[in-house]
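The values are calculated or read from the model by the stated rules, or taken from the named source; none is laboratory data. Note that the structure is a prediction, hence the values are computed from the model and not measured. Cβ sites come from the backbone with ideal geometry, for glycine too, and all protein chains shown count toward neighbours.
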Amino acid sequence: MDFPVFHLDVLGNRGLIAGIAVLHVLINHGLAVGLMPLVACMEWYGHRKRDARWDALAYRILFCAFIVTTTAGALTGVGIWLSVSLVNPYSIGSLLRVFFWAWFVEWLVFITEVCLILAYTLTWKTWREGAAKRRHIRLGFALGLFSWITMAIIVSILGFMMDPGNWLADNTLFSGFTNPVYLPQLAFRTPLAATMAGVIALVLVPFFVGRDDPFRREAIRAVAVWTLLFCPFIVAGGYWYYGAVPEAMKDNLAVSVLTLQFSGWLDEFLLLVVGTAIAIVVVVQVAIVRPGLVPRTALVLPLLAILWLTAHFERVREFIRKPYVIGRYMYANGLRVDDYALLRRDGLLAYATYSNPLTPAEQASVPAALPPAERAAALDRLQKGKDVFMNACSRCHTTHGVNGVADHLHRMFGNRVWTPDLTGDYLANMHNAQPYMPPFPGSQAELGFLSTYLEQLQANREPVPGAQQAGITVRPESGSKLAVGERR
Amino acid sequence: MRLLSWMDAAPHRGPVLNIVMLVLLLGMIGNTALLLCVGAATIAVSAIGGLRRAMRAMASPDRSHLPLDRIAIWLPGATALGMCAVALLLIVENPASSVAHSLGLVLFAFELVMLVLPSERPSTAGVSKG
């Protein structure tokens, strides 16, 4: 606990990461990994058929992808790591130590990808004939390959976070990289990216080819064939992927697919997912058999559907691995499984360098009429409770915002007073009742401090600022002990 | 008379209407075993028709040798067959009054139509040689 705690008390830290990460995945899969090979195929197809219309269409679609991937795509790519580093620096630190060389290679591949997309776009108009055109088409396929390699490396890290496999025993990069979830997830994401690219291109074609141009039907039909071609592989990859997910995580499926409140609706939701997937296939089938019958608005339906399905898949993947952020190695609160015995013995705060000062609203929860010594002791207990909350809970929970602890306590205890006795018993055993929750990491005394802090949330609805707003103080006790990571 | 002339205007309208009526009838009878038998037989017959059309397209003298064009001949039929199987699964696995069962019936009818409907031939008008 060597870092000040960044905290967003309305949106929630998870909301920040999810917003950036989902946007990046949609751009990366749809406009880079999937679309670059599709554009190269369109260019190659037009070249083989000696039909310049394909060339013009491919260039326009590429230009859209170029603008989005090099702006929003690149920014969100960096944004993921920045936001994760802010919210959970311990998990990103562990991942960096394990995947250092893989990440280094990924960085080189990414730089190459950026150079290739620049070269591919900027030479389109000049490398038009003969050998130059063939070279340009090869450039397009190379760009597609490098886009895929960047995803292939990152997918390994995502798989590792779900199930590190043999890495827990031998701690080698090879074991971490070839984790049990890696290849199944890659086999799912690759055709998903290709299909998503096809769906995006289907929406773009009518913008670039006029309604009365017969080429519009030809282009829609060809892109629809590309889209449909990869659909069976998504199903096969998804089946393999689901089989590779550890059984303990599948117990979280209902809550991860929906939320705790709606977890009883899993069957209905899965039917909605199946219906949405069928709707995508149906529109694409009609686009192949009768491209002239499909209006532009109907082509937007598969796009919205696949964007929603992919975004929701990412949500499920993120949640299902709870209570861990790195399977069986680190809990979602950033604390290592192996450190728990130590933290329970010495207390969490013994290793916390920084303290998040109490807000005026929090201070006001302690009666001003108390004798000064008693009030100072009460404020000290509250301060310790807040520090426990910030270190053990705030990575996933807010106080009253998204996934707020107050809402959960209200659901469980209603309007009864949230006394430390009432909430303390629950906090001590919550991981047994709700397997996606990590066990409480601190000492028995700290459980009491946290319960005291939670009690005042029943009346105090003021948002709790993170270190980025309220600043921090250095805990006076922090100098007496080494940080957890330094004791090994 | 207007209905007859509407059906005569395009050769595929008759089979499409037949399929819709067949699925409606099977749905109203509500016997899953009967639906499975008749449905499977209908798929087989439609698949044979689709196979003949695809073989003819492959043997056509003006066919393209490019992979996309070959895939485009086989993919719609193969997909429709697969989706018919999904539809039958939805029908068989869910009770008659459920949303999933109804979705299966609609999908089954749609995919049968996809099986019997010949693809539009792409027009080559307006090709500008690059």
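Points to keep in mind about this one:
- Residue, surrounded by the most Cβ atoms within 10 Å (Cβ to Cβ), within region A:382-392, restricted to residues that are more than 15 Å from A:SER443 (Cα to Cα) and not polar (S, T, N, Q): A:MET390
- Across region A:159-185, the qualifying residues are those that are assigned to a helix (DSSP H, G or I) and buried (at least 21 other Cβ atoms within 10 Å of the Cβ), and the one among them that is farthest from the chain's Cα centre (by Cα) is A:TRP167.
- Qualifying residue in region A:226-235 (condition: touching a residue at least 60 places away in the same chain (Cβ under 8 Å) and touching an Asp or Glu at 6+ places or on another chain (Cβ under 8 Å)): no
- Residues of region A:153-172 that turn out to be without any contact (Cβ under 8 Å) to a residue 40 or more places away in the chain and under 21 Å from A:LYS322 (Cβ atoms), as a count: 3
- Top-ranked residue of region A:270-318 - restricted to ones that are small (Gly, Ala, Ser) and either over 24 Å from the mean Cα position of the chain (by Cα) or at the interface with chain B (Cβ under 9 Å from one of its Cβ atoms) (or both), ranked as nearest to A:THR227 (Cα to Cα): A:ALA287
- Helices (runs of 4 or more DSSP H) lying entirely in region B:21-130 (those with 2 or more residues that are at pLDDT 90 or above, more than 24 Å from B:PRO11 (Cα to Cα) and at the interface with chain A (Cβ under 9 Å from one of its Cβ atoms)): B:67-93, B:99-116
- Screening A:ALA248 against (1) of a type in the set (A, V, I, L, M, F, W, C); (2) out of contact with any Pro (no Cβ under 7 Å at 6 or more places or on another chain); (3) over 21 Å from A:ARG189 (Cβ atoms); (4) at pLDDT 95 or above leaves a single unmet condition, (4).
- Residues of region B:58-80 classified as without any contact (Cβ under 8 Å) to a residue 12 or more places away in the chain and under 19 Å from the mean Cα position of the chain (by Cα), total: 3
- Looking at region A:243-291, none of the helices (runs of 4 or more DSSP H) lying wholly inside it contains 3 or more residues that are in contact with a Cys (Cβ under 6 Å, 6 or more places away or on another chain) and on the phi < 0 side of the Ramachandran plot.
- Scanning region B:44-57 for residues that are farther than 18 Å from B:VAL106 by Cα and within 15 Å of the chain's Cα centre (by Cα) yields B:ALA44, B:VAL45, B:ALA47, B:ILE48, B:GLY49, B:GLY50, B:LEU51, B:ARG52, B:ARG53, B:ALA54.
- Exclusive hit being at positive phi and away from every other protein chain (no Cβ under 14 Å), set A:GLY12, A:GLY79: A:GLY12
- Filtering region A:406-465 to residues that are out of contact with any helix residue (DSSP H, G or I) (no Cβ under 9 Å at 6 or more places or on another chain) and either aliphatic (A, V, I, L, M) or at positive phi (or both) leaves A:GLY414, A:MET430, A:ALA459.
- The residue that is surrounded by the most Cβ atoms within 10 Å (Cβ to Cβ), counting only those in region A:203-225 that are more than 8 Å from chain B (Cβ to nearest Cβ) and of a type in the set (Phe, Trp, Tyr), is A:PHE208.
- Residue list for region A:424-444, restricted to those being surrounded by 13 or more Cβ atoms within 10 Å (Cβ to Cβ) and aliphatic (A, V, I, L, M): A:LEU427, A:ALA428, A:MET430, A:MET437
- Only a single item in (1) part of a loop (DSSP other than H, G, I, E, B); (2) under 21 Å from A:LEU204 (Cα atoms) is not met by A:LEU299, and it is number (1).
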